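Enquirer: Here's a structure for you.
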Amino acid sequence: MMRLPWFGFHSPKSVDEAARILAAEGPQAMPIAGGTDLLPNMKRRHQTPATLVSLRQIEALKKISNGSHITLGAGLTLNEIVANAAVREKYAGLWQAAAQVATVHLRNMGTLGGNLCLDTRCTAGSPPRASAASRLRRPTPRPL
Ligand SMILES: Cc1cc2nc3c(=O)[nH]c(=O)nc-3n(C[C@H](O)[C@H](O)[C@H](O)COP(=O)(O)OP(=O)(O)OC[C@H]3O[C@@H](n4cnc5c(N)ncnc54)[C@H](O)[C@@H]3O)c2cc1C
């Protein structure tokens, strides 16, 4: 059986808090969302962060807002994106890519942010992201 290495764990409630922890911990810390890619990589010792910063408790990352364009939070699971009627109607490429990722179990855990930030191989979100001329927003940590 492959075991995870030891690691520290934080579960911030806001993007600001997460950004501050990541900035303070430095390159040995990594964000984790669904863990579908990162945890197997850690078991194989391909990635060995000393600290994980979970994004799962951050409600702001789970929002979908509609205006002249759509804004999708990085913490939305792939199945939450598949279930959204506006995505299906207006962004069929993204919807189809998300719907075809792996299995329902993986789509229940895996997030849009995790898919885009994989350091390996396939990401269903990337071609639709590029073709839809979308923008990614990244927080900068504010001092305490
Ligand atoms: C069996 C299997 C089949 C798969 N098939 C496909 C497929 O057909 N098509 C496809 O596109 N993908 C596929 N994938 C990949 C899958 O889409 C990703 O594993 C999933 O989307 C990652 O999301 P996560 O939330 O679990 O990320 P995690 O494993 O939590 O994180 C992945 C990486 O992203 C970083 N990260 C996560 N969230 C953020 C964030 N908000 N900001 C900054 N960095 C972040 C983490 O630090 C880590 O480096 C497959 C994976 C598996 C295991």
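Enquirer: Applying 1/(1 + (r/R0)^6) with R0 = 30 Å to the Cβ-Cβ distance of SER65 and GLU17, what FRET efficiency is obtained, to the nearest 0.05? Please report the intermediate quantities before stating the final value.
Expert: On the way: r = 22 Å, r/R0 = 0.72.
Calculated value: 0.90.
Enquirer: Let me ask something else. Under the Karplus relation 6.51 cos²θ - 1.76 cosθ + 1.60, θ = phi - 60°, what is the ordered set of whole-Hz ³J(HN,Hα) values for the range 7-22, x standing for Gly and Pro?
Expert: Taking θ as phi minus 60°, the curve returns 7, x, 9, 10, 10, x, 9, 9, 5, 4, 4, 4, 5, 5, 5, 4 Hz for the range 7-22.
Enquirer: Next up: Cut-off under 16 Å on the C-alpha distance; same-chain residues fewer than 8 positions from LYS63 excluded. Which lysines are left, in chain and number order?
Expert: Counting by Cα, and skipping residues close in sequence, LYS63 has these lysines nearby: LYS13.
Enquirer: With 10 angstrom as the radius, rank LYS13, LYS62, LYS43 by how many other C-beta atoms surround their C-beta, starting from the fewest.
Expert: Values: LYS13 11, LYS62 17, LYS43 14.
Ordered from fewest to most neighbouring Cβ atoms within 10 Å, LYS13, LYS62, LYS43 come out as LYS13, LYS43, LYS62.
Enquirer: Name the chymotrypsin sites (Phe, Trp or Tyr not before Pro) in the range 1-109 that are in a loop by DSSP and that have at most 15 other C-beta atoms within 10 Å, would you? Kindly include the intermediate steps, with their values, before the conclusion.
Expert: Values: sites: TRP6, PHE7, PHE9, TYR91, TRP95; in loops: TRP6, PHE7, TYR91.
Qualifying residues, ordered by number: TRP6, PHE7.
Enquirer: Moving to a separate point now. Once both labels are modelled 7 Å past Cα along the beta-carbon direction, what's the ARG56-PHE7 spacing in nm?
Expert: In this crude label model, ARG56 to PHE7 measures out at 1.2 nm.
Enquirer: Let me ask you something else. How much FRET efficiency would the formula 1/(1 + (r/R0)^6) give for ARG88 and LEU39, where r is the Cβ-Cβ distance and R0 is 35 Å, rounded to 0.05?
Expert: Working: r = 30 Å, r/R0 = 0.85.
Efficiency, rounded to the nearest 0.05: 0.75.
Enquirer: With no solvent and one point on each alpha carbon, what is the Debye value of log10 I(q)/I(0) for the range 57-113 at q = 0.13, 0.18, 0.22 Å⁻¹?
Expert: -0.29, -0.55, -0.81
Enquirer: Please sort 44-50, 27-33 by packing, taking for each peptide the average over its residues of neighbouring beta carbons within 10 angstrom, highest first. Don't skip to the end; give the middle numbers.
Expert: Numbers: 44-50: 13.3, 27-33: 18.1.
Final packing ranking: 27-33, 44-50.
Every number in this text was worked out from the coordinates using simple rules, so none of it is lab data. Note that the structure is a prediction, hence the values are computed from the model and not measured. Glycine also receives a Cβ, built like all others from the backbone with ideal geometry; neighbour counts cover every protein chain displayed.
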